[in-house]
Amino acid sequence: MIYINQVFQYTVDSKRIRIIEIEDTNVFTVDIDAVSSMPKKEFYSNINTEIQLGKLLLISDPYAKVIIDNDLTDLQILKRDEGWSIIQNYCLDHMENLLTKRGRENKINEIASASGISPTKIKKLLSRYWQRGMNKNAMLPDYTNSGGKGK
């Protein structure tokens, strides 16, 4: 059985994917290691077959961790809450259109127009939301990757 938010890894190329939606006979996945990743539609049966053949392995979610607000800076909380607000207020109601390639670009442009945020920023927020577990803390910025090595 395949569930939403499970993370799998291909044995051939080590690519990791997250299941972000299941509709009838289709599964929508995103590559969690790509810089930016839009959903891809695949047949449920194909994913299930790859799991049974051992080509696709269920792995632990690399983004599943407890994050305490007291451990975050004010800027991290601000950025997270801004991103989460955009996802909640502008994107969740249109998720059906955002999952499929056809019409996604138009819907992103509509959301950008309504929110006053650039389409590029909307794509970045959606990508982060899908790749990192579709929760509020998925919107945290990557400040741990900033600065020089060891600083």
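The values are calculated or read from the model by the stated rules, or taken from the named source; none is laboratory data. Worth saying up front: this structure is predicted, and the values here are computed from it rather than measured. Note that we place each Cβ from the backbone using ideal geometry, even for glycine, and neighbour counts take in every protein chain shown. Ligands, DNA and RNA are excluded from the accessible area calculation, which covers all protein heavy atoms including side chains. Shrake-Rupley method; radii C 1.70, N 1.55, O 1.52, S 1.80 Å.
Rundown of residues vs (1) out of contact with any strand residue (DSSP E or B) (no Cβ under 6 Å at 6 or more places or on another chain); (2) without any contact (Cβ under 8 Å) to a residue 60 or more places away in the chain, yes/no style:
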{"site": "Phe43", "(1), (2)": "yes, yes"}
{"site": "Asp71", "(1), (2)": "yes, yes"}
{"site": "Asp81", "(1), (2)": "yes, yes"}
{"site": "Gln88", "(1), (2)": "yes, yes"}
{"site": "Leu99", "(1), (2)": "no, no"}
{"site": "Arg104", "(1), (2)": "yes, no"}
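For the criterion of being out of contact with any Cys (no Cβ under 6 Å at 6 or more places or on another chain), in a loop (DSSP other than H, G, I, E, B) and closer than 30 Å to Val12 by Cβ, Arg102 passes.
Does Asp61 meet the test of being charged (D, E, K, R) and either loosely packed, with under 12 Cβ neighbours inside 10 Å or in contact with a Lys or Arg (Cβ under 7 Å, 6 or more places away or on another chain) (or both)? No, not satisfied.
Starting from residues that are touching a helix residue (DSSP H, G or I) at 6+ places or on another chain (Cβ under 9 Å) and acidic (Asp, Glu), keep the ones in region 1-51 and report whichever is farthest from Gln131 (Cα to Cα). Result: Asp24.
Taking the criterion of being surrounded by fewer than 12 Cβ atoms within 10 Å (Cβ to Cβ) and basic (Lys, Arg), the residues of region 94-128 that qualify are Lys101, Arg102.
Here region 23-54 is the region considered, the condition is being open to solvent by 50 Å² or more (accessible area, probe 1.4 Å) and assigned to a strand (DSSP E or B), and the residue that is farthest from Gly103 (Cα to Cα) is Phe43.
Residue-by-condition table, conditions (1) under 22 Å from Lys124 (Cβ atoms); (2) modelled with pLDDT of 95 or more; (3) under 18 Å from the mean Cα position of the chain (by Cα):
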position: Thr11; (1), (2), (3): no, yes, no
position: Arg16; (1), (2), (3): yes, yes, yes
position: Asp31; (1), (2), (3): yes, yes, yes
position: Pro39; (1), (2), (3): yes, yes, yes
position: Ser60; (1), (2), (3): no, yes, yes
position: Ile68; (1), (2), (3): no, no, no
position: Ile87; (1), (2), (3): yes, yes, yes
